[in-house]
Amino acid sequence: MAQSDVLLKLKGVKTYFFTDEGTVHAVDGLDFQVRRGETLGIVGESGCGKSVTSMSILRLLGKTGKVIEGEIMFDGENLLDLSEEEMRKIRGNRISMIFQQPTTCLNPVFRIGEQIIEALQIHQGLSGEEANKRTIELLTLVGLPDPVRRMRSFPHEISGGQAQRVMIAMALACNPELLIADEPTTALDVTIQAQILDLMRELREKVNTAIILITHDLGVVAEMAENVMVMYAGRAVEYAPVHALFEAPKHPYTQGLIASTPVLGNVRDELETIPGQVPSLLNPPAGCRFASRCAHRMDQCTQEEPPLIKLEGDRLVRCWLY
Amino acid sequence: MTVYLIRRLFQAILVLLFSSAVIYSLFALAPGGPLDELRQNTDPKSRPSEADIQRQAKLLGADKPWYLWYPTWLAGDTWLDKVGLEQYVGERKGILRWDWGTSWKFQRNAPVLDIIKDKLPDTLWLMISSTIISLVLGIPLGVFSAVRQYSFFDYILTTFSFIGLSLPSFWFGLLIIAVSLWFKRNGWFYFPAGDILALRNYEVPVLGTVVAGSFLDRVMHLVMPVTVLSMLNLANWSRFMRASMLEVLSQDYVRTARAKGVKERVVIYKHAFRNALIPLITIIVFAIPGVFGGALFTETVFNYKALGFTFISALNLKDYPLAMAFLLISSILLVFATLLADVLYTIVDPRIRLD
């Protein structure tokens, strides 16, 4: 694999939030990479640091959060070294993002067209007729019916699925090299979810954008991603190609996740669950963070945290079993 | 929209009729009346006879039984013979025929509308300048403080607005009068402590002679009452703006704007500010009746005899026609302001529609 093939590479990234209760170790040493055109799925339950990872990449952590360590290399440049102005030119241009609640992500007082044109104006200097034309093009691309009329609609006049299409159009406005999709289908109806996933797949073929797909839905990952990273309590616990992961999950947490997914036609009284709770990120335990919930716990697990162990076929797992 | 406005207009008329009836009933129920003062005179030489009092009552229209007061105020007393009350027929036409009546005591026999017209300019000077100052300072301060939440500036502003809200206006007014007088005594620059305009020219350090009745004279007299009034509004509105802005800044669409690469300044003043202003409409629009009503305490403390002062006097003197006119105009403005707020909402917030 040539070096230039790697679009995004995170090295030892630690993102902490400094709150009144103490320091939250939201992302605690994360390494991964995304190749050009690749779709990487990031999976984990609420609060495992998935979304914080994406906000760290875009440097939109707010006042309390900060990346205190590590490197985020994007196309050979460390994003953490850029000035705010340089970073702003990357946002929405080379890296863009779509979010979980499409209807609340659009500004209620501006027309849909205006909101897309704004992105074109900032990064490509388009305005007037040109910007209008491009906006109609984009809305057609994402399959919004009657784009000329829809441009003049306000966000409250369209449905959640349509709003997500608009968000995608806005994100793709400047042909980004990387699209971060943070739970893009979670707030949508199941049938609409499928449509949006189809759309994203289709667009990936057309524009060859790398995608980081953040979700807690293993089904979505199975459909979309090539590689999957499983996160637990601010750490990557397993990394594998998507088929390998579903066929033979290695980490006990991944095994638990897959086992707790309902399978159609397989009626059981109760779903498998993982006992216990995610440890507090205010004061993460020593040793393996999953140890307290793990069925395979050994003495070593509570004393020393396992490193990421390389397995056959590009797989990584953070567990003393291997 | 047109249908909506027509419906609201009818509602407004009903509200005004109902509220004026309630207000007049409260006046009628309150103990005492315009003639009590005459009866309380115990000096045998100047004491008016019962006949004098009755004549006076007839003149004021206060000779009628209480249940005829409001109908007279509303529709006049020229028609009372038609319902068998010949003894009470008079020449009043009532508010429905644009007869606002004459003052009973405040300025006896002066038409109520003339009194209000006379006092209105001074009131508008006071209220409009303090309202504009509060808005022009309060909104940016609130925004600034929200954007820099928990900064040194934010703490200063929050503390200041807490003090501003807690200070009673009469106390704060007296305080700055005292300070101003102390400055004057030391021969420093000062502002005159009371009245609307001076009666004769006066000397102020730095400015030299101030000509009585000039624009400068008016401004000099406005500074202190406007400061007191602005302090209160400023504290209130900047807090409101801060809260509104903070809420908007945590919304998803603000994050979207940032993720789109919008400049932080544009994020705040276009994406967030536009939304944060929406709830402020209510506050601004409801300041309109207040602009007419004047400031009761502040006008009294500074001896600024505009409409607020007139209203208090009318109430104390049981000058019902004057007090009623005042309350009616306030009610009309309030009803109108509510309607205006609703219409403005549809303009600034596309999610709201009237039908």
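So is A:G143 farther than 25 Å from B:I278 by Cβ and out of contact with any helix residue (DSSP H, G or I) (no Cβ under 9 Å at 6 or more places or on another chain) or not? No: the conditions fail for A:G143.
Looking across B:R185, B:R239, B:R218, B:R200, one residue alone is under 23 Å from B:F286 (Cβ atoms) and of a type in the set (D, E, K, R). It is B:R239. Pairs meeting the criteria (first residue in region B:98-123 and in contact (Cβ under 8 Å) with a residue 60 or more places away in the chain, second residue among the acidic types (D, E), beta carbons under 8 Å, at least 6 apart or on different chains) are B:S103/B:D319; B:W104/B:D319; B:K105/B:D319; B:F106/B:D319.
One residue alone among B:A212, B:A193 is buried (at least 18 other Cβ atoms within 10 Å of the Cβ) and more than 24 Å from B:F153 (Cβ to Cβ), and that residue is B:A193. Selection of strands (runs of 3 or more DSSP E) fully inside region A:39-126 by the criterion of at least 3 residues being more than 11 Å from chain B (Cβ to nearest Cβ), closer than 25 Å to A:P241 by Cα and in contact (Cβ under 8 Å) with a residue 60 or more places away in the chain returns A:39-43, A:65-74.
Quick check: anything in region B:337-344 within 14 Å of chain A (Cβ to nearest Cβ), touching a residue at least 40 places away in the same chain (Cβ under 8 Å) and either part of a helix (DSSP H, G or I) or touching a helix residue (DSSP H, G or I) at 6+ places or on another chain (Cβ under 9 Å) (or both)? Within region B:337-344 (the criterion being within 14 Å of chain A (Cβ to nearest Cβ), touching a residue at least 40 places away in the same chain (Cβ under 8 Å) and either part of a helix (DSSP H, G or I) or touching a helix residue (DSSP H, G or I) at 6+ places or on another chain (Cβ under 9 Å) (or both)), the answer is yes, since at least one residue qualifies. Annotation: of all residues in region B:311-331 being buried (at least 18 other Cβ atoms within 10 Å of the Cβ) and more than 16 Å from B:G294 (Cβ to Cβ), the one that is nearest to the other protein chains (Cβ to nearest Cβ) is B:M324.
When the criteria are applied in full, B:V348 fails the requirement of being surrounded by 17 or more Cβ atoms within 10 Å (Cβ to Cβ), of a type in the set (A, V, I, L, M, F, W, C) and in contact with a helix residue (DSSP H, G or I) (Cβ under 8 Å, 6 or more places away or on another chain).
Taking the criterion of being within 14 Å of another protein chain (Cβ to nearest Cβ) and in contact with a helix residue (DSSP H, G or I) (Cβ under 6 Å, 6 or more places away or on another chain), the residues of region B:148-185 that qualify are B:R148, B:D154. Residue count for region B:269-282 satisfying the condition of being facing chain A (nearest Cβ under 7 Å) and surrounded by fewer than 18 Cβ atoms within 10 Å (Cβ to Cβ): 1.
Number of residues in region B:283-296 that are under 12 Å from B:F170 (Cβ atoms) and buried (at least 18 other Cβ atoms within 10 Å of the Cβ) equals 1.
Taking the conditions (1) more than 20 Å from B:A325 (Cα to Cα); (2) part of a helix (DSSP H, G or I) in turn, B:P48 satisfies each one other than (2). Scanning for something closer than 30 Å to B:F309 by Cβ and loosely packed, with under 13 Cβ neighbours inside 10 Å, does region B:141-164 turn up at least one residue? Yes, there is a match, as at least one residue in region B:141-164 is closer than 30 Å to B:F309 by Cβ and loosely packed, with under 13 Cβ neighbours inside 10 Å. Residue check: A:L264 meets all listed conditions (1) within 24 Å of A:V27 (Cβ to Cβ); (2) at pLDDT below 80 but one, namely (1). Taking region A:136-159 as the range and being within 14 Å of chain B (Cβ to nearest Cβ), part of a helix (DSSP H, G or I) and closer than 19 Å to A:L199 by Cβ as the test, the residues that pass are A:L138, A:P155.
Against the numbered list (1) over 30 Å from B:F273 (Cβ atoms); (2) crowded, with 17+ Cβ neighbours inside 10 Å, B:L126 comes up short only at (1). Output the residues belonging to region B:176-204 that are in a helix (DSSP H, G or I) and under 14 Å from B:V226 (Cα atoms). Residues satisfying the conditions are B:I176, B:I177.
In region A:168-177, of all residues being within 15 Å of the chain's Cα centre (by Cα) and crowded, with 24+ Cβ neighbours inside 10 Å, the one that is farthest from the other protein chains (Cβ to nearest Cβ) corresponds to A:I168.
Of the helices (runs of 4 or more DSSP H) lying entirely inside region A:214-299, those containing at least 2 residues that are without any contact (Cβ under 8 Å) to a residue 24 or more places away in the chain span A:242-247, A:252-259. Apart from one condition, A:E247 fits all of (1) within 28 Å of A:Q100 (Cα to Cα); (2) loosely packed, with under 15 Cβ neighbours inside 10 Å; (3) of a type in the set (D, E, K, R); (4) at pLDDT 85 or above; the exception is (1). The residues of region B:44-64 that are surrounded by 11 or more Cβ atoms within 10 Å (Cβ to Cβ) and of a type in the set (A, V, I, L, M, F, W, C), listed by number, are B:I53, B:A57, B:L59, B:L60, B:A62. One residue stands out among those in region B:244-268 that are free of Cβ contacts under 8 Å to residues at least 12 places away in the same chain and surrounded by fewer than 18 Cβ atoms within 10 Å (Cβ to Cβ): the one that is farthest from the other protein chains (Cβ to nearest Cβ), which is B:R265.
Filtering B:I139, B:I196, B:I132 for residues that are under 25 Å from B:T300 (Cα atoms) and touching a residue at least 12 places away in the same chain (Cβ under 8 Å) leaves a single hit, B:I196.
The values are calculated or read from the model by the stated rules, or taken from the named source; none is laboratory data. Quantities reported herein were computed from a predicted structural model and do not represent experimental measurements. Methodologically, a virtual Cβ is constructed for each residue, glycine included, from the backbone with ideal geometry; neighbour enumeration extends over all protein chains shown.
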